[in-house]
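What follows is one structure encoded as structure tokens, with my remarks underneath.
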Amino acid sequence: MDFTNNDTEKLIIYGFGRVARCCLPKLIQDFQIDFIIDNNSKYEKNDTRYNGIPIQSFMSVKHKLQEKKYKVVVAVSGNSYYPIKKQLESIGYRESIDFENAKNFMSQWYWINRSECVISRISLPITLKCTLNCKHCNTLVPYLDRSRVYTDDELKETIKMFFDCIDYVSTVLIVGGEPLLKKNLIEILSFIQVNFHEKFSRLHIISNCTIIPKDDLLQFANQNNILIRLSDYSHEIGNYDRIKKIIDKLKAFKVDYIVNKHEQWFDMGFPRETLRIADSRENLIRHMTECNAMCQVIYNKKMFFCATQLGAFEINRAYNKDILELDRLIVNSTESKKKLLDYYNGNLPKGIRFCQLCRGVGPKNNKIVTGGVQLKRNDEIKIRKPS
Ligand code: SF4
């Protein structure tokens, strides 16, 4: 990629949503950012600035982008990347040369120029217990063997092993199952804040809106600038009143939050279907890299490429290929950082072979289903056996 060079000093950031706001604290330390592009009209109307940097719409800066080639880092989530890619290509910008997504840019630029392992986000399932039983859950929670217990010591060791081998991660996603089921959630959050606050930008907690958060958690979230991300499945589970109560409480405690409505999901197939997605190694790797589910997960001293790979391993330990063993990495060693970064970026000779069994979350998966559909007790599910 062209602009991983050390002489890249100026960047334009495209996006001012949650992805951008997690990357910006790191990027403004190392680059001059002339403006941020975001097409939400509220920013331009109110002359919104981030650390003095103006936020402007694509149309209002299009002429500047055309006059001279800037280096643009696109900091948006999942499929929102593709329309921006099209827009930039329409004015002659080339992917990987004039623009790049934030995940690739950060992991490559800091490694090439500073030998630093910098990644954009990591998921930390704090419990795999859940209050819901979603048929198409990406962590496969309804299909898991629940007899396995993951102790707090193992959880803390896993967190430490991960932070010992990275230099910076923009966002730490506290996920589940349902994280609010974790009894000592504040203790674990404090452990991360106290020990590793210099290595990340922000903690996010993703909750399914079935539990009203307790006062002490919200006080802690307010004091530590934690973002609560509410997943809204009310169209399926009808918890409208509860969501309203949760939002009222978050407002009362001045906790930053967002609501994500999950009306549509992808049916990834596994573990109900027997799939064989790709007919060659190249096609498998392409399928894997096009998948927008890629949010690497740390769990029980291991790193998984995505939550579905973790779920499969928890269903059956025979799904054990292409998992990074964190306890084999050496604290702060360059070699271990590189190993972690390569895994994070999917730079593996055979790719993630589990992707062969999974349709993934990408433009080619056309099996769209209603988000949050619950498995019923008498639903008969056949779990595919490892081959
Ligand atoms: S295709 Fe691969 S990366 Fe995508 S969700 Fe499935 S297992 Fe995960």
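Quick notes on this one:
- Within segment 27-57, the residues that satisfy the criterion of being outside any strand (DSSP E or B), buried (at least 16 other Cβ atoms within 10 Å of the Cβ) and touching a strand residue (DSSP E or B) at 6+ places or on another chain (Cβ under 8 Å) are Leu27, Ile28, Phe31, Asp38, Tyr43, Glu44, Thr48.
- Elements of type helices (runs of 4 or more DSSP H) contained in segment 269-387, each with 1 or more residues being within 11 Å of the ligand (Cβ to nearest atom) and under 24 Å from Ile112 (Cβ atoms): 281-289
- Of Asn292, Asn283, Asn347, Asn366, all but one fail to be under 27 Å from Asn79 (Cα atoms), touching a helix residue (DSSP H, G or I) at 6+ places or on another chain (Cβ under 6 Å), surrounded by fewer than 19 Cβ atoms within 10 Å (Cβ to Cβ) and not assigned by TED's automatic domain parsing to the domain that holds Ser80; the exception is Asn292.
Rundown of residues vs (1) in contact with an Asp or Glu (Cβ under 8 Å, 6 or more places away or on another chain); (2) part of a loop (DSSP other than H, G, I, E, B); (3) of a type outside the set (A, V, I, L, M, F, W, C), yes/no style:
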site	(1), (2), (3)
Ile205	no, no, no
Cys209	yes, yes, no
Leu217	no, no, no
Phe220	no, no, no
Ile228	yes, no, no
His235	yes, no, yes
Arg242	no, no, yes
Lys245	no, no, yes
Lys251	no, no, yes
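- Residue within segment 125-143 that is buried (at least 18 other Cβ atoms within 10 Å of the Cβ) and within 26 Å of Pro25 (Cβ to Cβ) present: yes
- The combined condition, being surrounded by fewer than 20 Cβ atoms within 10 Å (Cβ to Cβ), under 27 Å from Ser231 (Cβ atoms) and of a type in the set (Lys, Arg), is fulfilled by Lys376.
- Residue match in segment 247-269 (condition: small (Gly, Ala, Ser), exposed (fewer than 15 other Cβ atoms within 10 Å of the Cβ) and outside the structural domain of Asn104 (by TED's automatic domain parsing)): yes
- Scanning segment 303-321 for residues that are crowded, with 18+ Cβ neighbours inside 10 Å, in contact with a helix residue (DSSP H, G or I) (Cβ under 8 Å, 6 or more places away or on another chain) and touching a residue at least 24 places away in the same chain (Cβ under 8 Å) yields Met303, Phe305, Thr308, Gln309, Gly311, Ala312, Ile315, Tyr319.
- When segment 366-387 is filtered for residues that are of a type outside the set (A, V, I, L, M) and touching a residue at least 12 places away in the same chain (Cβ under 8 Å), the ones remaining, listed by number, are Lys367, Thr370, Gly371, Gly372, Gln374, Asp379, Lys382, Arg384, Lys385, Pro386.
- Residues that are exposed (fewer than 14 other Cβ atoms within 10 Å of the Cβ) and more than 20 Å from Arg121 (Cβ to Cβ), drawn from segment 70-106: Pro83, Lys86, Glu89, Ser90, Ile91, Gly92, Arg94, Ile97
- Checked across segment 159-178, the condition of being surrounded by fewer than 19 Cβ atoms within 10 Å (Cβ to Cβ) and either farther than 29 Å from Lys26 by Cβ or of a type in the set (A, V, I, L, M) (or both) holds for no residue.
The values are calculated or read from the model by the stated rules, or taken from the named source; none is laboratory data. Since this is a predicted model, take the numbers as computed values, not measurements. Every residue, glycine as well, gets a Cβ built from its backbone with ideal geometry; the counts of neighbours run over all protein chains shown.
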